[in-house]
1. Can you pull out every residue in region 479-503 that is at pLDDT 85 or above, surrounded by 13 or more Cβ atoms within 10 Å (Cβ to Cβ) and outside any loop (DSSP other than H, G, I, E, B)?
2. What are the residue pairs meeting all of these: first residue in region 418-431, first residue assigned by TED's automatic domain parsing to the domain that holds L371 and under 12 Å from K254 (Cβ atoms), second residue among the small types (G, A, S) and at pLDDT below 95, Cβ atoms under 6 Å, and 6 or more apart or on different chains?
3. Listed residues P114, P102; which is in contact with a strand residue (DSSP E or B) (Cβ under 8 Å, 6 or more places away or on another chain) and part of a helix (DSSP H, G or I)?
4. For region 80-98, give me each residue that is buried (at least 17 other Cβ atoms within 10 Å of the Cβ) and in contact with a Gly (Cβ under 9 Å, 6 or more places away or on another chain).
5. How many of the residues in region 113-158 are farther than 20 Å from S20 by Cα and in contact with a Gly (Cβ under 9 Å, 6 or more places away or on another chain)?
6. Considering every residue within region 251-264, establish whether at least one is over 16 Å from the mean Cα position of the chain (by Cα), more than 28 Å from I469 (Cα to Cα) and surrounded by 19 or more Cβ atoms within 10 Å (Cβ to Cβ).
Amino acid sequence: MGDPGESEGAVIVLFGWAFSLLIVQILSLVFAISGWVAIPSFLAGLILAFPAARASLISFIQKPFGVSAVLKVSALILIAAWVASRGMYRIENFDSGLYHLPTIRWLNTYAIVPGLGNLHGRLAFNQSFFSYVASLNASWFPSHGRSAANGFLYLVVLLQAIQGLTRHWRNVIRDDGPRTLTWAADLLVLPILVYIGLSSEGLSSPTPDLAATLLHLSMFLVFVRGVSVWRSGGSPDFAVAVLPFLAATAITVKLSTVAFAGSLVIACVIYSIHSSQGNTKALRRAFIKMLPAGAVVGVWLARGVILSGCPVYPATIGCVAVDWKVPTEKIVNEANWVYSWAREPFGGPEVVLASWNWFGPWMSRQLGDVLEFVFPLAMSLAFLVCAVAVRAYMRKKSGRSSSTSDVIVLVPVVVGIVFWFVTAPDPRFGRSLFWMLLLSGGLLFLASLENLVRRRTYRTAALGVCAIISAPFFAYVIVNGTQRITRISTSGWHPIPVQRVVARRTSSGLLVYVPEGDERCWDSALPCTPYFNSHLSLRKAGKLQGGFVDRTPLRRSEAALHP
């Protein structure tokens with residue numbers, strides 16, 4: 001995977017986690033996610049990650065173990081303990097009761113169920129994160145996987161940033177010290193991670209939103225360092241090896257990551273083709289490196305077809321004419337609700353998507369979100385303007401242009417933001433993109449100062465940029481710190497709410513549980529849905545694992561698609 005000195009143990013641990021998730025996704029095509037599925041899958045990922053993690057641990061142990069090391073270890077233990085206690089807190093995410101927990105229960109009870117989307121459309125969203133939570137339920141945290149899932153990813157990404165920063169910080173003041181893109185992103189991301197830990201409801205809820213955010217930030221750090229190696233004349237083998245696999249996994253965790261993650265994959269492909277210089281063997285090796293990412297996407301697409309008849313539900317692209325396919329009209333309606341809700345909640349797709357009248361109220365809401373929209377956007381633009389001004393000054397002073405190749409770090413972020421806006425501009429889908437835009441602006445500004453000021457002054461400037469980025473997040477901590485820090489469990493696992501349900505029978509005799517007075521099934525008995533459909537039936541009599549069929553009479557427009 002590249003130079004061991006470059007490949008931080010935390011990134012390899014994340015790579016091993018993604019590999020374990022792939023194994024679970026494959027096995028759950030045939031088996032329910034039990035201990036027999038989860039534990040071997042975790043062990044496979046552990047074996048893959050062990051060499052690099054072991055090297056990092058040995059490197060840490062071999063260093064002089066003074067007061068500084070004791071403080072670092074103690075701080076990490078305290079942070080891990082707080083994250084664990086936060087994870088045991090009650091579930092705060094609405095969607096967790098609506099479809100996160102029901103999806104996880106299905107995965108723990110049966111192998112993947114054909115046509116599950118006919119029971120409840122959101123059960124067909126096919127987010128691999130739920131397989132991860134289900135595997136934790138079945139192994140290390142019986143029935144409490146939701147409390148550890150995002151917490152583990154959070155600690156790994158936090159450790160990734162700390163590892164990258166501590167490796168290079170002492171050498172920043174040297175004239176031959178590391179370039180900005182090698183280390184500065186690790187420094188600038190720390191206040192954002194602190195804010196995420198305190199503000200996010202995802203540490204105690206099995207929501208893929210937080211997992212997608214963390215994967216975004218982790219991949220961004222790897223990508224920035226890869227660009228730094230490339231600009232220095234080196235070969236970014238590590239980034240090219242891990243990014244496609246992590247990016248593919250991120251897409252399966254949350255489909256809204258497809259533009260940003262896909263841009264990273266395309267960047268790796270372009271580099272591989274360019275660096276091969278037409279050499280057939282080099283191209284073949286590059287192709288082989290992409291195969292694991294292809295396997296991740298391939299398995300995910302197959303699971304999508306099984307759940308709904310469509311590989312990328314709720315899109316109708318590539319849908320297959322199988323008996324369990326969710327009716328096209330319902331797929332389109334599901335997609336339209338996603339698009340309209342992101343623009344104007346409760347507005348209704350037939351109203352919201354019919355015009356641009358949603359934009360004014362939407363923008364007003366965004367402008368009221370200082371920490372996650374206004375500040376990142378405004379400061380990133382300010383940093384970029386300053387970077388351009390510094391480069392113009394240097395060009396005028398020296399008479400020659402400086403390299404602008406570091407601007408490439410902006411490309412995946414901008415592509416992601418454009419995709420987010422034109423599809424589903426819900427703030428929770430885009431907050432990590434705006435944070436990465438802020439990081440990119442800060443990085444490019446610092447990079448413009450590298451050859452303008454002395455190294456000590458440069459390090460001071462880096463701390464200044466970090467302070468600017470940190471200011472609003474620490475203001476949040478000061479205002480809400482006590483309330484958020486103490487939002488933990490001091491009495492063990494908080495129970496999952498128990499929802500009262502009523503039993504109803506469809507015209508085929510299928511018994512379905514419907515929540516009473518609420519849309520959320522929570523962890524109720526299967527099959528449970530808030531949207532009772534009298535035309536729902538089983539594909540195989542008496543067998544839930546055989547799947548569901550929607551026998552709703554087709555409209556003429558729908559019937560034309562099913563001759």
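1. V501
2. W420/G430; A424/A342; D426/A342; F429/S256
3. Details: P114 fails: part of a helix (DSSP H, G or I).
P102 is the lone residue from the list that is in contact with a strand residue (DSSP E or B) (Cβ under 8 Å, 6 or more places away or on another chain) and part of a helix (DSSP H, G or I).
4. Within region 80-98, V83, A84, R86, G87, M88, I91, N93 qualify.
5. Of region 113-158, the ones farther than 20 Å from S20 by Cα are 113-125, 158.
So of that shortlist, the ones also in contact with a Gly (Cβ under 9 Å, 6 or more places away or on another chain) come out as 113-118, 123-125, 158.
So the count comes out to 10.
6. Residues of region 251-264 over 16 Å from the mean Cα position of the chain (by Cα): none.
No, the conditions are met nowhere in region 251-264.
So that you can scan it fast, the table gives a plain yes or no per residue for (1) in contact (Cβ under 8 Å) with a residue 12 or more places away in the chain; (2) surrounded by 23 or more Cβ atoms within 10 Å (Cβ to Cβ):
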{"site": "L193", "(1), (2)": "yes, no"}
{"site": "F223", "(1), (2)": "yes, yes"}
{"site": "G226", "(1), (2)": "yes, yes"}
{"site": "G233", "(1), (2)": "no, no"}
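The values are calculated or read from the model by the stated rules, or taken from the named source; none is laboratory data. If you're wondering where the values come from, they're calculated on a predicted model, not measured in any experiment. Neighbour counts run over all protein chains shown; Cβ positions are idealised from the backbone, glycine included.
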